[in-house]
1. Which one is nearest to I200 (Cα to Cα), of the residues in segment 26-41 that are within 10 Å of the ligand (Cβ to nearest atom) and either of a type in the set (A, V, I, L, M, F, W, C) or assigned to a loop (DSSP other than H, G, I, E, B) (or both)?
2. Taking segment 199-246 as the region of interest, how many residues are over 26 Å from K68 (Cβ atoms) and within 15 Å of the ligand (Cβ to nearest atom)?
3. Confirm whether G54 is more than 16 Å from the ligand (Cβ to nearest atom) and modelled with pLDDT of 95 or more.
4. Would you mind listing the strands (runs of 3 or more DSSP E) fully within segment 193-258 where at least 2 residues are at pLDDT below 95?
5. Conditions: (1) of a type in the set (F, W, Y); (2) touching a residue at least 24 places away in the same chain (Cβ under 8 Å); (3) surrounded by fewer than 19 Cβ atoms within 10 Å (Cβ to Cβ). Y230 meets all but one. Number of the miss?
6. Among the numbered criteria (1) touching a Lys or Arg at 6+ places or on another chain (Cβ under 7 Å); (2) loosely packed, with under 14 Cβ neighbours inside 10 Å, which single criterion is violated by R104?
7. Would it be correct to say that A188 is surrounded by fewer than 19 Cβ atoms within 10 Å (Cβ to Cβ), assigned by TED's automatic domain parsing to the domain that holds H53 and away from the ligand (no atom under 16 Å from the Cβ)?
Amino acid sequence: MPAAITPPAVPMAKSMALPHISSPDQKRKIICFSDFDGTIFMQDTGHILFDAHGCGSKRREILDEQIKTGERSFRDVSEEMWGSLKVPFDDGFEVMEQTLEIDRDFQSFHNWCLANDVPFNVISAGLKPILRKVLDTFLGEEASARIEIVANDAEIKDDGSEWKPIWRHDTELGHDKALSIAEARSEAELTCENGTVPLIVFIGDGVSDLPAAREADVLFARRGLRLEEYCIENQIKYYPFDSFADIQKRLEQIQKEDAEKTAGKGLPAIFNPRANLWRRVSSQQAVPRFAIMSPSKEEKMFLWPEAFSELKTPQFEVNEISASIVPPAQA
Ligand SMILES: [Mg+2]
């Protein structure tokens, strides 16, 4: 068992210092969104399949390079990769079951989410039927059913002669992760009682996670991988993690500090004004959050981006995102 601190709905030890203690239903809701490949699992489900039953690792590397150089879109290349598979689903799954390693602390983290009413959602550029089967296998169907998967769908012929992604969005990426998070946030806010604003958490490992990461209040990046590198290069605030135990510890701390500072009212102690702005522009439901936001330069930057140089953007984020808690170099 991890040395977990129970998140204080009513912070007993601090009650003397807090004249207005929130009732349990006023506790701020935390909502987690997580990438799948390289984040919950250490490998990439698609790569395992393509290497074993499709185009093979050499061709895959050439195709990956075409995405990186911009020669072809992610969606176009992905269609070629998935189209190269000639294997029935169950046979293809065997190699995944043998090769995939789940983050060593994911299961206990997910149990913590369930015990603390923290919804956990997967946001992935992969194919939903595969991800679901992987979760069913590694977590069991009951726990898996508690995880919502937001990903592309797929049509897979019974004899394995055709694997075809059904893209979630009509864009070059096929799945606009930022849009999915923003939609989920709007939905979540409608369900929060008394205008409570949820704290949105994103967990990822790669550059493709960046659009989604920018929509979150709190960002976790797997240590030593590309998302972390990008955050450092662009001075974007993030917490590094080696396993989901680090994430759990940090969220417990954030929840405790938020309860002490806000008692679950108004904006979270850590929040991302950029995410807020996106919501405000995109949704009529955003009024409560709008009312408690003070206007900022970020707002102008978002509405009239051409008036601001690109160089100013990262600098501004450093100053504005999560002003209250600075991610320490891992204690
Ligand atoms: Mg990933």
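The values are calculated or read from the model by the stated rules, or taken from the named source; none is laboratory data. Predicted model, so just to flag it, every value in this text is computed and none were measured. As a convention, Cβ positions derive from the backbone with ideal geometry for all residues, glycine included, and neighbour counts pool all protein chains shown.
1. The initial filter retains those residues of segment 26-41 that are within 10 Å of the ligand (Cβ to nearest atom), namely 34-41.
Remaining after also requiring either of a type in the set (A, V, I, L, M, F, W, C) or assigned to a loop (DSSP other than H, G, I, E, B) (or both): 35-36, 38-41.
Values: D35: 14, F36: 17, G38: 20, T39: 17, I40: 18, F41: 21 Å.
In this case the residue turns out to be D35.
2. 1
3. Values: more than 16 Å from the ligand (Cβ to nearest atom): yes; modelled with pLDDT of 95 or more: yes.
Judged against the criteria, G54 is a match.
4. Working: elements: 199-204, 218-222, 239-241.
In segment 193-258, 199-204 are the strands (runs of 3 or more DSSP E) which contain 2 or more residues that are at pLDDT below 95.
5. Failed condition: (2).
6. (1)
7. On the way: surrounded by fewer than 19 Cβ atoms within 10 Å (Cβ to Cβ): yes; assigned by TED's automatic domain parsing to the domain that holds H53: no; away from the ligand (no atom under 16 Å from the Cβ): yes.
Here the answer is no, as A188 does not meet what is asked.
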